[in-house]
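Trainee: The structure is given below, and queries will be raised subsequently.
The numbers here are math on the coordinates, done by the rules we state, and not lab data. Predicted, not measured: the structure shown is a model, and the values here were computed from it. Cβ sites come from the backbone with ideal geometry, for glycine too, and all protein chains shown count toward neighbours.
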Amino acid sequence: QKEVEQNSGPLSVPEGAIASLNCTYSDRGSQSFFWYRQYSGKSPELIMSIYSNGDKEDGRFTAQLNKASQYVSLLIRDSQPSDSATYLCAVTWSLTGNQFYFGTGTSLTVIP
Amino acid sequence: DGGITQSPKYLFRKEGQNVTLSCEQNLNHDAMYWYRQDPGQGLRLIYYSQIVNDFQKGDIAEGYSVSREKKESFPLTVTSAQKNPTAFYLCASSRQGPPRSNQPQHFGDGTRLSIL
């Protein structure tokens with residue numbers, strides 16, 4: 001059984017702080033990793049994709065991947081109230097083609 | 001603008017009725033997917049299709065059916081056999097990428113299905 005686990009939260013951070021979201025996954029055959037943001041009542045939107053170990057930065061967002069420890073994280077710098085949403089981690093495994101496995105999401109609230 | 005269109009936005013099903021959710025994409029993506037999301041839950045895969053005229057069951061296919069007669073379209077039918085259909089249904093699509101580098105999935109706006 002392939003699993004993707006996230007702390008459901010809620011995670012609360014003050015405006016301007018760094019929000020750190022974590023995701024762990026089972027199996028070492030994992031291949032690609034994605035972070036999605038989902039506002040309440042809306043569909044998920046892609047924030048970041050990361051394929052190799054290390055950090056990948058895009059604006060205020062940084063994805064960090066450590067395949068040996070089987071975790072991927074998302075850092076949000078200078079958090080804004082508009083970042084308040086649920087963040088979904090998704091993983092693909094090499095033997096299952098492009099089938100995505102999603103975590104249950106972490107709810108983030110940025111307090112003004 | 002390219003994108004994924006799901007319709008209707010809200011749908012109500014009567015007891016014993018089959019209903020069909022529409023999903024159309026003009027992104028020229030090969031792969032399409034249907035997910036179900038229940039309150040406070042993650043996304044669970046119902047069906048997916050990587051090419052026209054071919055599709056595979058996901059983790060919760062029972063009570064659902066799909067077709068993929070055109071690249072752009074991947075309709076989902078919720079049959080009367082699905083006893084708990086109330087959920088948020090999401091359609092997604094993606095390109096086929098190079099080996100060992102999966103392409104991200106992009107989502108439509110979703111359809112909310114409720115039982116009358």
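Trainee: With +1 on the Cβ of every Lys and Arg and -1 on the Cβ of every Asp and Glu, and nothing else charged, how large is the dipole of chain B about its Cα centre, in debye rounded to the nearest 20?
Mentor: With only Lys, Arg, Asp and Glu charged at Cβ, the dipole is about 160 debye.
Trainee: Using Cα pairs under 8 angstrom and six or more residues apart, how large is the relative contact order of chain A, in percent?
Mentor: Across chain A, relative contact order equals 38 percent.
Trainee: Nearest 20 debye, what's the magnitude of the dipole of region A:1-93 about its Cα centre given +1 on Lys and Arg Cβ and -1 on Asp and Glu Cβ?
Mentor: Dipole size: approximately 180 debye.
Trainee: Moving to a separate point now. Are there cysteines in the protein assembly as shown with no second cysteine's Cβ under 4.7 Å away, and if so, which?
Mentor: Here no cysteine comes out as lacking a disulfide-compatible partner, given the Cβ-Cβ threshold of under 4.7 Å.
Trainee: How far apart, in nm, are two points set 7 Å out from the Cα along the Cα-to-Cβ line at B:Lys70 and at A:Asp78?
Mentor: Computed distance between label sites B:Lys70 and A:Asp78 equals 4.5 nm.
Trainee: Right, next: Between A:Ser12 and B:Lys9, what is the spin-label point distance in nm, taking each point 7 Å from the Cα along the Cα→C-beta axis?
Mentor: So the two model labels end up 3.2 nm from each other.
Trainee: In which sequence would B:Val52, A:Val4, B:Val19, A:Val91 go, from the one with the fewest C-beta neighbours within 10 Å to the one with the most?
Mentor: Lowest count first: B:Val52, B:Val19, A:Val4, A:Val91.
Trainee: At what distance in nm do the modelled label points of B:Ile60 and B:Ile115 sit from each other, each positioned 7 Å from its Cα along Cα→Cβ?
Mentor: For the pair B:Ile60/B:Ile115, the computed spacing is 1.4 nm.
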